[in-house]
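The values are calculated or read from the model by the stated rules, or taken from the named source; none is laboratory data. Computed from a predicted model, the values in this text were never measured in an experiment. Note that we place each Cβ from the backbone using ideal geometry, even for glycine, and neighbour counts take in every protein chain shown. Heads up: the accessible areas ignore ligands, DNA and RNA and are worked out on the full protein's heavy atoms, side chains in. Shrake-Rupley method; radii C 1.70, N 1.55, O 1.52, S 1.80 Å.
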Amino acid sequence: MPNTDDKPSDGLAPSASLTTRAPLAPGAALPDEHAPQPQTPPRTGPEVIHAYLKTLSSGPGVYRMLDAGGDVVYVGKARNLKARVSNYTRLAGLPNRTIRMIQSTASMEFVSVRTEAEALLLEANLIKRFRPRFNVTLRDDKSFPYILIRRDQGAPQILKHRGARTVKGEYFGPFASAGAVNRTINMLERAFLLRSCSDSVFESRTRPCLLHQIKRCSAPCTGEISLEDYGALVDEALRFLKGESQSVREMYQQLMQEASEQLEFEAAARFRNRLWALAHVTSEQTINPEGVEEADVFAAYQEGGQTCIQVFFFRVGQNWGNRAYYPKADRSLTEEDVLDSFIAQFYDDKPVPRLVLLSHEIPSVAVLQEALSIKADRRIEIRTPQRGVKSGLVEHALTNAREALGRRLAESSSQRTLLAALGERFGLPRPPRRVEVFDNSHIMGTNAVGAMIVAGPEGFAKGQYRKFNIRSEITPGDDYGMMREVLERRFRRLAEDEAEAPKPTAEAELWETVAEAERAGGDASFDPSSDPASDPVSDEVSVGEPVPERPDLVLVDGGAGQLSVASEVMAALGLTGIHLAGVAKGPDRDAGREHFHLPGRAPFMLEPRDPVLYFVQRLRDEAHRFAIGTHRAKRAKSLGVNPLDDIAGIGPTRKRALLKHFGSAKAVSRAGVDDLAAVDGISGEMARKIYDFFHEKRN
């Protein structure tokens with residue numbers, strides 16, 4: 001039976017010593033490209049896996065299982081590759097999830113490494129890269145914000161930073177949210193008067209800015225403070241962020257006392273204000289445990305087939321916030337298994353603290369500790385505390401995980417209830433699992449964009465939102481034409497993907513039945529002789545199930561006209577089974593008086609207090625918000641575009657000369673050839689090119 005300690009990994013390319021691709025299965029012949037090829041399904045399952053055993057080594061490594069389409073379905077690590085892979089050649093006694101994984105495997109790839117620790121790191125990298133459907137995968141893994149104090153210029157700058165740490169300076173974090181960073185930077189500015197302006201603003205200042213007036217910057221830009229004294233403020237801020245908050249506080253208390261004794265009350269007031277700001281910074285960190293200077297706390301909790309992992313970050317003895325994760329994982333995996341895979345992926349692109357505290361003992365703690373120590377180039381300790389302050393931190397994180405998962409399950413249950421009611425009101429055969437809502441935004445036809453938002457059983461799937469820049473030449477204000485273009489571009493790709501998808505075989509339908517039964521919470525057993533059609537499949541979507549690619553319901557913002565356009569697009573593309581509805585605003589555009597248009601049905605309204613009405617309004621408002629935001633971003637970008645930039649041969653020097661001579665790009669567009677040629681640096685040929693550019697554009 002496969003060992004659960006083989007989690008997905010991702011890569012240490014330098015440590016990889018051997019990469020092999022699966023040989024042809026025994027008995028497979030090379031195809032004759034001139035002879036007609038029979039349409040036989042590719043070989044999959046235990047026999048394919050067994051063919052690799054002869055060439056596998058007994059050392060550590062990472063393996064990838066690929067389906068017939070070449071997509072990675074599972075990534076695993078092993079201390080002994082040959083022994084591990086041999087476990088997949090027998091189906092007896094294996095859980096349904098593993099059976100489905102084996103039956104999907106058409107080929108395998110292997111990477112040999114030097115140690116099991118390297119295999120774990122490589123596995124984590126590959127999982128994040130390929131996101132196999134049978135692995136525990138980390139979702140919503142946005143980069144964490146940090147505080148950065150840049151040291152690559154004379155007057156260091158304090159700012160919020162995300163992404164690769166390529167800028168020279170001191171980094172502090174991670175913080176759980178951008179809000180926590182912004183609040184901390186705000187207080188640090190009050191305490192240490194550090195500049196937060198960009199280099200261009202700093203270099204162009206001729207007098208102090210507003211931040212100096214409200215005592216949040218010492219204004220090194222205009223010499224209000226010498227660079228030497230400013231450097232002392234920076235050093236004090238660094239000491240505070242590195243955990244020496246008490247010594248910095250005592251220093252300011254002493255300076256305030258000395259200034260007061262010397263009757264320098266303004267200086268004493270400045271030091272007093274810094275003490276207040278430091279107290280505020282400390283109070284922002286809600287839990288400051290003694291004896292824990294640098295640690296991350298992980299707590300996992302399971303309920304309803306879903307797992308929540310709460311991560312708390314402690315730096316310089318202060319709590320810098322927390323974040324909840326809901327990793328995609330099979331419901332048969334335990335909290336220990338999910339946590340084991342999660343941590344390796346979590347630290348793939350993040351700095352590792354000296355101490356990692358866990359709520360559960362994980363199977364590969366020794367290997368993980370060794371791997372993280374290699375990555376951090378220092379000793380990393382992983383512990384599951386049972387008593388003391390550290391145990392209290394884990395219990396606190398576990399409580400938060402339990403409460404967060406409870407809220408998510410309640411929201412998901414409510415969402416599924418609303419989807420079921422929506423399906424009932426619209427006469428759908430079953431509750432929709434994916435709802436797509438389309439809206440357009442423009443101003444008199446300019447900067448036109450289309451937007452699509454997606455909602456499923458767990459709420460808005462923001463990672464699947466799409467925006468469409470209107471490309472075709474459409475009459476300004478032609479909402480029908482814009483809607484047609486957006487729908488055609490969205491559903492043409494869906495139609496092409498479905499046309500290329502292979503027809504499901506009886507065996508594939510059997511394994512899909514097993515998958516459906518597992519998702520519905522049943523204990524489907526593997527019985528090749530069973531009839532898939534006789535097994536009932538629940539229509540209810542279990543919590544944690546990903547939103548499908550094909551929508552069950554499409555809502556368009558508009559009435560019968562927009563609905564007619566959507567119907568024509570679906571018919572032209574040959575798509576069936578997708579239900580359409582138009583949501584027309586009520587008289588005077590009043591919310592609550594919307595009319596709903598469905599094909600073959602008279603327009604109707606919902607009861608004013610119907611929860612489904614509020615739900616549809618929320619969907620429509622989210623689509624409108626996304627469309628408006630996309631339009632505003634496009635419009636703001638277009639405002640900064642100068643038409644002179646589109647003329648070949650016009651660089652910064654000629655552009656500056658033209659604007660200086662004529663005053664604006666609009667005046668340049670109206671100038672004659674002779675006037676253009678009179679500008680320094682503009683030849684007769686270039687003047688003709690500029691003139692032709694604007695006049696051809698008008699025509």
Practice task
May I have the pair-distance distribution P(r) for the range 99-138, computed from all Cα-Cα distances with 5 Å bins from 0 and rounded to whole percent?
Solution key: 5, 18, 24, 25, 21, 6, 0
Fill in the blank from the handout: A chain fully extended from E496 to L575 at 0.36 nm per residue, minus the present Cα-Cα distance, gains in nm 27.4 nm
Practice task
Jot down the per residue volume, in cubic angstrom and as a whole number, of the convex hull over the alpha-carbon atoms of the range 92-209.
Solution key: 193
Completion exercise
Order by accessible surface, 1.4 Å probe, largest leading, for residues T89, T653, T98 comes to T653, T89, T98
Problem - Of every Cα-Cα pair in the range 375-474, the percent that sits beyond 20 Å - result: 66
Problem - Computed Rg/Rh of the range 325-437, alpha carbon atoms with Kirkwood Rh - result: 1.15
Practice task
Give, in nm to one decimal, the length gained when the segment between K462 and E294 is fully stretched (0.36 nm per residue of separation minus the Cα-Cα distance).
Solution key: 57.2 nm
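Using just the Cα positions, wrap the range 646-699 in a convex hull and report its mean projected area in square nanometres, one decimal place. Kindly include the intermediate steps, with their values, before the conclusion.
On the way: hull surface 12.9 nm².
Taking the Cα atoms of the range 646-699, their convex hull projects to 3.2 nm² on average.
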Fill in the blank from the handout: Which residues qualify? For V73, with a placed amide H closer than 5 Å and at least 5 residues away or on another chain, they are M65, L66, D67
Fill in the blank from the handout: The ³J(HN,Hα) series, computed from each phi in the range 194-204 with the Karplus coefficients 6.51, -1.76 and 1.60 at θ = phi - 60°, rounded to the nearest Hz and given as x for glycine or proline, is 8, 7, 10, 6, 6, 4, 5, 5, 4, 6, 9
Exercise for the section: Could you tell me which of the pairs K168/K462; K77/K462; K168/K350 are separated by over 29 angstrom between their Cα atoms in the structure shown? Expected result: K168/K462; K77/K462
Exercise for the section: Determine, from the Cβ-Cβ distance of R632 and A665 and an R0 of 22 Å, the FRET efficiency 1/(1 + (r/R0)^6), rounded to the nearest 0.05. Expected result: 0.45
Problem - Exposure of H695 as accessible area (Å², to 10), given a probe of 1.4 Å and all protein chains - result: 50
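What length, rounded to one decimal in nm, is gained on full extension from A269 through to E685, with 0.36 nm per residue of separation minus their alpha-carbon distance?
Here the answer is 143.0 nm.
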Practice task
Starting at the first residue of the range 601-613, write each ³J(HN,Hα) from the Karplus equation 6.51 cos²θ - 1.76 cosθ + 1.60 with θ = phi - 60°, in whole Hz, x for Gly and Pro.
Solution key: 9, 5, x, 9, 10, 9, 4, x, 9, 5, x, 5, 4
